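To keep things clear, I will list the structure first and then write my remarks on it.
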Amino acid sequence: MKRKSDEPFLREVVLLRDKVENWDAYPFSIPAVRNLDALALHPRVTFLVGENGSGKSTLIEGIAVAAGFNAEGGSQNFNFTTRASESPLHSALRLVRGIRRPRSGFFLRAESFFNVASEVERLDQIDPGLLASYGGKSLHEQSHGESFLALVNERFGEDGLYLMDEPEAALSPQRQLALLVAFDRLVQQDRSQLIVATHSPILLAYPAARIYSLDEQGVAEVEYEKTEHYSLTRDFLLNRDRYLRRLKASGGE
């Protein structure tokens with residue numbers, strides 16, 4: 001029997017193609033966006049993977065903004081802009097919601113995390129005690145990796161919708177493993193749903209997750225062992241001397 005906690009907060013993301021005025025304009029010119037119809041989301045963990053420029057960060061930003069989150073990151077209560085750079089993709093997306101409603105949520109993106117940390121400090125001046133929900137210590141007074149994990153471990157909780165864009169950017173391999181533990185706590189114990197854009201083969205190893213690969217052909221579901229991130233990393237580690245000789249001979253191209 002299916003449990004209520006198995007129901008996702010977001011079931012599907014649909015591109016409303018009649019809302020797109022110009023398919024040659026960014027971000028609709030990106031193949032993965034251009035060829036998108038609907039993306040079914042896993043009730044627990046969905047990963048988006050692809051090369052730089054494939055559209056994974058653009059897509060997760062669009063989903064986050066369509067869900068009511070600030071484009072630079074934060075909770076749905078964050079409303080600040082350091083530099084408006086978000087794409088108009090969110091205006092052409094429809095989120096198919098489940099019967100459950102999240103009690104909490106957060107959009108965590110590596111490239112603008114400094115701005116979010118600054119906003120947390122500003123809001124704590126207005127509402128003293130807010131920082132306690134982030135571990136009680138300024139995110140700026142910790143290393144990048146420490147502050148990332150503090151936010152996930154202290155701020156992310158029960159029945160939450162959490163979107164993350166390249167969270168591994170600040171984390172060593174050991175701390176990526178710690179983030180995997182946090183993922184497991186969030187989905188198993190806290191009944192939360194995660195949508196994560198990543199390059200990390202460590203994070204992608206989370207069991208039973210749904211992985212979508214974005215490339216020039218569009219968006220396709222792929223098994224972990226079939227991702228380029230896994231196969232290239234594995235092949236390099238098993239044959240590093242051959243790879244290094246080849247790279248040296250080609251001048252790194």
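Couplings for the stretch 229-240, taken from phi via the Karplus curve 6.51 cos²θ - 1.76 cosθ + 1.60 with θ = phi - 60°, read 4, 6, 5, 5, 4, 4, 5, 5, 5, 7, 9, 4 Hz in order; Gly and Pro are left as x.
So for each of 87-100, 156-169 I average, over its residues, the number of other beta carbons within 10 Å; can you give me the resulting order with the highest mean first?
Working: 87-100: 16.6, 156-169: 21.1.
Answer by packing, highest mean first, reads 156-169, 87-100.
The H on the amide N of ASP159, modeled in the peptide plane, is under 5 Å from the matching H of ARG191, SER192, each at least 5 residues off or on a different chain. Peptide packing: for 118-131, 218-231, the average count of neighbouring Cβ atoms within 10 Å per residue gives the ranking 218-231, 118-131, highest mean first.
Pairs exceeding 29 Å between alpha-carbon atoms, taken from LYS226/LYS248; LYS56/LYS137; LYS56/LYS226: LYS56/LYS137.
Where a number appears in this text, it was derived from the coordinates with a stated rule and is not lab data. All values reported here derive from a predicted model rather than from experimental measurement. A quick note on method: Cβ atoms are made from the backbone with ideal geometry, for glycine too, and the neighbour counts reach across all protein chains shown.
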